[in-house]
Amino acid sequence: MNRKDNTIFLAVVACILWSTVYAGIKIGLQYDTPLHFAGMRFILSGLMVLPFTVKPAAYLRMIMEHRKILIWVILLQVLVNYILFYLGMDLVPGALGAVIVGSQPLVTALVASIMHEDDPLTKKKMVTIILGITGVVLISAGRQAFKLGGAIELLGVFMILGANVATATSNVMVSLKSRGMNPLVLSSASFLIGGVMIYLISIPVEGMPEYNMPSRYWLILGWLSFVSAFAFSLWFKLLQRPYIKVSELNLWKFIIPVAGAILSWILVPGEKPEWLTITGMIIITLSLIGFYRNGSKPQVTK
């Protein structure tokens with residue numbers, strides 16, 4: 001497997017894992033408050049990655065040497081992104097939330113074109129993004145009717161859009177400034193520190209947490225924690241590769257709703273393929289094949 005195919009394979013693996021997250025969050029929020037749930041998830045994620053990093057002395061030394069990028073990742077990727085994301089997802093219907101989240105490749109492409117001169121917003125990229133978002137809309141419309149009930153749900157939309165901007169900015173900064181830092185240390189430290197901060201914020205905002213939860217809650221929390229631990233460690237590693245363009249890597253996130261819909265057909269009673277959903281999947285698949293067919297060839301940046 002060559003370098004480009006390896007990157008695509010690993011990106012697809014991460015996105016398939018992420019496709020399981022949104023349903024899990026909706027289930028978890030039936031039992032818990034948004035900030036406490038997010039804080040618990042990321043503390044566990046950081047602890048899961050920790051044994052696979054480096055020796056304690058090297059771990060602390062790496063944190064100190066790369067503290068600036070670590071602080072930015074904690075602030076943008078963990079605190080701002082996930083506080084807005086969890087609060088926003090708690091306010092909007094699932095289908096609408098999926099579409100707003102699905103706009104992330106567009107937001108990332110815009111942010112990358114501003115922050116990184118080697119990652120311009122090309123015509124080919126824009127066509128792929130427009131087709132991808134169209135596919136996301138069709139998949140979501142086929143699975144659940146869109147509803148926007150009022151100011152509260154509109155606030156939720158803006159929160160999720162804000163989360164998209166935060167994670168896009170974090171992705172670009174990891175690509176530009178984190179080389180030399182072990183990606184496992186970056187994900188472990190950012191999740192541990194950010195998770196503790198979100199957990200502490202949840203106490204005055206949401207009250208003291210309760211832990212008398214059903215087993216379903218703990219299973220969901222464990223799975224979501226594993227997904228964050230594995231997928232983000234993988235994603236940070238890909239972002240550090242010198243030939244990677246952040247906007248192009250994020251195009252693979254369009255397969256998240258595709259994988260999510262397929263998993264629902266397999267696992268959720270009553271879920272079945274709809275023509276709108278299948279059409280959306282075909283559009284996304286063809287748009288990605290079209291973008292990479294002539295090789296958006298990886299280029300080594302200086």
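Here are a few things to note about the model shown:
- Cα-centred dipole magnitude for region 173-248, charges only on beta-carbon of K, R (+1) and D, E (-1), debye, nearest 20: 460 debye
- Straightening the chain between LEU47 and ILE130 buys 26.0 nm, computed as 0.36 nm per residue apart minus the Cα-Cα spacing.
- With 0.36 nm allotted per residue and the present C-alpha distance subtracted, the GLU210-GLU65 stretch has 48.4 nm of extension available.
- If you take the Cα centroid of region 207-248 and the Cα centroid of region 1-26, the two points sit 12 Å apart.
- Positive-end extreme of charge dipole, the chain - chosen from ALA38, SER215, TRP235 (charges on Cβ): TRP235
- For MET64, MET197, order by how many other beta-carbon atoms lie within 10 Å, fewest first: MET64, MET197
- If the chain linking GLU153 and TRP218 were pulled fully straight, counting 0.36 nm for each residue of separation and taking away their Cα-Cα distance, it would gain 20.6 nm.
- Among PHE85, LEU131, ILE114 the positive-end extreme of the charge dipole of region 65-182 (Cβ point charges): LEU131
- Gyration tensor verdict on region 140-289 (Cα atoms; rounded if a/c is under 1.5, prolate if a/b is larger than b/c, oblate otherwise): oblate
- MRE, 222 nm, helices only [DSSP H, n ≥ 4, -39500 (n - 2.57), over the chain, to nearest 500]: -24000 deg cm²/dmol
- Gyration tensor (alpha-carbon) shape descriptor, region 4-85, a/c threshold 1.5: oblate
- Largest-first ellipsoid semi-axes for the chain, taking √(5λ) over the Cα gyration tensor eigenvalues, angstrom: 27, 27, 17
- When each full DSSP H helix of the chain is screened for a Cα extent of at least 24 Å along its own axis and an average Kyte-Doolittle hydropathy of at least -1.0, the helices passing are 123-143, 151-177, 183-206, 215-239, 275-293.
- By the beta-carbon count within 10 Å of each Cβ, the least crowded to most crowded order of LEU87, LEU263, fewest first, is LEU263, LEU87.
- Sorted peptide list for 45-56, 209-220, 106-117, criterion being average Cβ within 10 angstrom, highest first: 106-117, 45-56, 209-220
- Between TYR22, THR169, ILE289, the Cα set farthest toward the positive side of the dipole of the chain (charges on each charged residue's Cβ, about the Cα centre) is that of ILE289.
- Taking Lys and Arg as +1 and Asp and Glu as -1, the other residues whose beta-carbon sits under 14 Å from that of GLY290 total +3.
- FRET efficiency, ILE27 to LEU200 (Cβ-Cβ, R0 30 Å, nearest 0.05): 0.75
- Neighbour counting of Cβ atoms within 10 Å sorts the residues TRP252, TRP223, fewest neighbours leading, into TRP223, TRP252.
- Hydrodynamic radius by Kirkwood, which averages 1/r over all alpha carbon pairs of region 65-221, in angstrom: 17.5 Å
- Rounded to the nearest 20 debye, dipole of region 96-212 from Cβ charges on Lys, Arg, Asp, Glu: 400 debye
Coordinate-derived values only; no laboratory data. What you see is a predicted model, and the numbers here were worked out from it, not measured in a lab. So basically every Cβ, Gly included, is an ideal-geometry build from the backbone, and we count neighbours across all protein chains shown.
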